[in-house]
Amino acid sequence: MNLPILEISDSFADAAIPAGFSSKVLRYRNTLWDTQIGLADLSDADWLGHFGDFNPLPDNLESPLAMRYHGHQFHVYNPDLGDGRGFLFAQMQDARKRWLDLGTKGSGQTLWSRQGDGRLTLKGGVREVLAALYLEALGVNTSKAFSLIETGEQLHRNDEPSPARSSVLVRLSHSHIRFGTFQRASYYDDKAAMAALVRHTISHYYRECEDEALGHAVPALYERICERTAQMIGQWMAVGFVHGVMNTDNFNITGETFDFGPWRFLERSDPNFTAAYFDQNGLYRFGRQPTQGLWALQQLGGALSLLVDQDQLTAGLGIYTPAYQASFAGQTLALLGLQPGPTLRDDLLWLQDLYTWMTEAQPGWAQFFHDWMGGEASAARAADSPQAALYQTDSFNKIRAGFDARSSLNTDRLEHDYFQSPTPVSLVFEDVEQLWQAIVESDDWSRFEQICSHIESARQAYGLDMLSS
């Protein structure tokens, strides 16, 4: 198999040696996506061998590769980065012949580990599984948690009670190439490497941008990345997701939610909510995420200007705001099961009223969308909601008028068991901590499994994820 990464590995990757683990217990296996990439027939023992010991998959990478990249971290440029506790383990194709990367987190030290131990806490792995599953269920473009294995080591961390249980995570995404990968080539003024990276990205992920002349190909690629990034962030804002660490090395070129650690889902609307305790100035706060996405793209554009004049990239940035607005409106309406209004402007004006009301009235975010799936078709359901009193106020009249003006997409969805339940999936901080305490205190994984099952029910009910489309 001609694996894409091998085309650029000499310039952008280093061989890595997986850690050996004292024990391996399979805690999560993605049975939706193992089928998509042809691994459903693996026994659990073989699964542990490939994703715990990292024995190579047949006809795939013989050795894992730790990617090289740079990045802006909280707006400070850092040239001393790279995969320090992960690597690219394999590349696969799904049923639609799209390339997918299997990358790790917590698989041991690499050349880029600096002083880190290269490990991942079990709690960190559990949190990423939950967030990725829920984002996918809500139709957000995201990397997938593919495998989580507890590894038996005791880790010491400053931000968790220690010693902490350990794990190794495998995530699945269409590409692990980051904005920071381009920034590294620019930093070293390596035009040949940059051109090879651009050609590689276009050939495997954006074929529509192919052109013999880099002066045409680079701006076309940049426009597509700007569009995909804007779409992703529009989706985040509609579902109330706070990434936490929007450094340029945490953006990938396919616009997938990627490499998130201190994520949160909003309990209630708060533009100033910050997910990471170390983000003391609120740089990556919820309401600033669209601005930060644009800033990250500006840094990518600066890197690409190694090959083309900066003014050739202006059109790409111009795409960002309308693409973001369309995504934000479309995602919100999809979560409410509503047809768009006459124009995007009409929808945006109504959404301004909606989200202003949500900030002022403070309904539970997930509960509101659950209550009003289908708009007026759910009026009776909303009347039985735990927060029904909020819907009886005069301030809610504008929102009801918006429901009246938009027809439901598919009221049959309301018959699904998920919408028959009075409450939706909740992954707010307290819920995640509660299930984690059960694991810590008695190794009780039942709450984790229940939430995963509830998320799967939501995925089926919404029908918005990639496998349903």
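Taken together, Q331, Q310 contain a single residue that is modelled with pLDDT of 95 or more and not hydrophobic (A, V, I, L, M, F, W, C), which is Q331.
Scanning the range 347-379 for residues that are surrounded by 19 or more Cβ atoms within 10 Å (Cβ to Cβ), touching a residue at least 60 places away in the same chain (Cβ under 8 Å) and under 18 Å from D394 (Cα atoms) turns up M358, P363.
Against the numbered list (1) among the aliphatic types (A, V, I, L, M); (2) surrounded by 19 or more Cβ atoms within 10 Å (Cβ to Cβ); (3) within 21 Å of T181 (Cα to Cα), A276 comes up short only at (3). The set of residues in the range 282-314 being part of a helix (DSSP H, G or I) and among the polar types (S, T, N, Q) consists of Q289, T291, Q292, Q298, Q299, Q310, Q312, T314.
Pairs meeting the criteria (first residue in the range 203-215 and touching a residue at least 40 places away in the same chain (Cβ under 8 Å), second residue surrounded by fewer than 13 Cβ atoms within 10 Å (Cβ to Cβ) and outside any helix (DSSP H, G or I), beta carbons under 9 Å, at least 6 apart or on different chains) are G215/D309. Across the range 134-158, the qualifying residues are those that are out of contact with any strand residue (DSSP E or B) (no Cβ under 9 Å at 6 or more places or on another chain) and either without any contact (Cβ under 8 Å) to a residue 60 or more places away in the chain or assigned to a loop (DSSP other than H, G, I, E, B) (or both), and the one among them that is nearest to Q109 (Cα to Cα) is N158.
Looking across the range 1-47, just one residue is within 22 Å of R165 (Cβ to Cβ) and of a type in the set (D, E), and that is D44.
The numbered conditions (1) touching a strand residue (DSSP E or B) at 6+ places or on another chain (Cβ under 6 Å); (2) in a loop (DSSP other than H, G, I, E, B); (3) more than 29 Å from Q352 (Cβ to Cβ) are all true for D249 except (2). Within the range 22-37, restricting attention to residues that are touching a Gly at 6+ places or on another chain (Cβ under 6 Å) and modelled with pLDDT of 95 or more, the residue that is surrounded by the most Cβ atoms within 10 Å (Cβ to Cβ) is K24. Comparison of F51, F89 shows that the only residue that is in contact with a Gly (Cβ under 7 Å, 6 or more places away or on another chain), modelled with pLDDT of 95 or more and surrounded by 19 or more Cβ atoms within 10 Å (Cβ to Cβ) is F89.
Can you list the helices (runs of 4 or more DSSP H) lying wholly within the range 338-445 that have 3 or more residues being under 30 Å from S167 (Cβ atoms) and modelled with pLDDT of 95 or more? Result: 429-442. Looking at A40, is it surrounded by fewer than 16 Cβ atoms within 10 Å (Cβ to Cβ), modelled with pLDDT of 95 or more and within 28 Å of S453 (Cα to Cα)? Here the answer is yes, as A40 does meet what is asked.
Scoring L306 on the criteria (1) surrounded by fewer than 21 Cβ atoms within 10 Å (Cβ to Cβ); (2) out of contact with any Lys or Arg (no Cβ under 7 Å at 6 or more places or on another chain) leaves a single failure, condition (2). Of all the residues in the range 177-193, those that are basic (K, R) and either assigned to a loop (DSSP other than H, G, I, E, B) or closer than 15 Å to A13 by Cβ (or both) number 2. Remark: G49 falls outside the filter, which requires a residue to be out of contact with any helix residue (DSSP H, G or I) (no Cβ under 9 Å at 6 or more places or on another chain) and either assigned to a loop (DSSP other than H, G, I, E, B) or of a type in the set (S, T, N, Q) (or both). Within the range 248-273, the only residue that satisfies the criterion of being in contact with a Pro (Cβ under 9 Å, 6 or more places away or on another chain) and buried (at least 21 other Cβ atoms within 10 Å of the Cβ) is S269. Within the range 194-242, count every residue that is farther than 20 Å from L100 by Cβ and assigned to a loop (DSSP other than H, G, I, E, B). The qualifying residues number 5.
The values are calculated or read from the model by the stated rules, or taken from the named source; none is laboratory data. Fair warning: this is a prediction, and the values are worked out from it, not measured in the lab. Here Cβ is always computed from backbone atoms with ideal geometry, including for glycine, and neighbour counts include all displayed protein chains.
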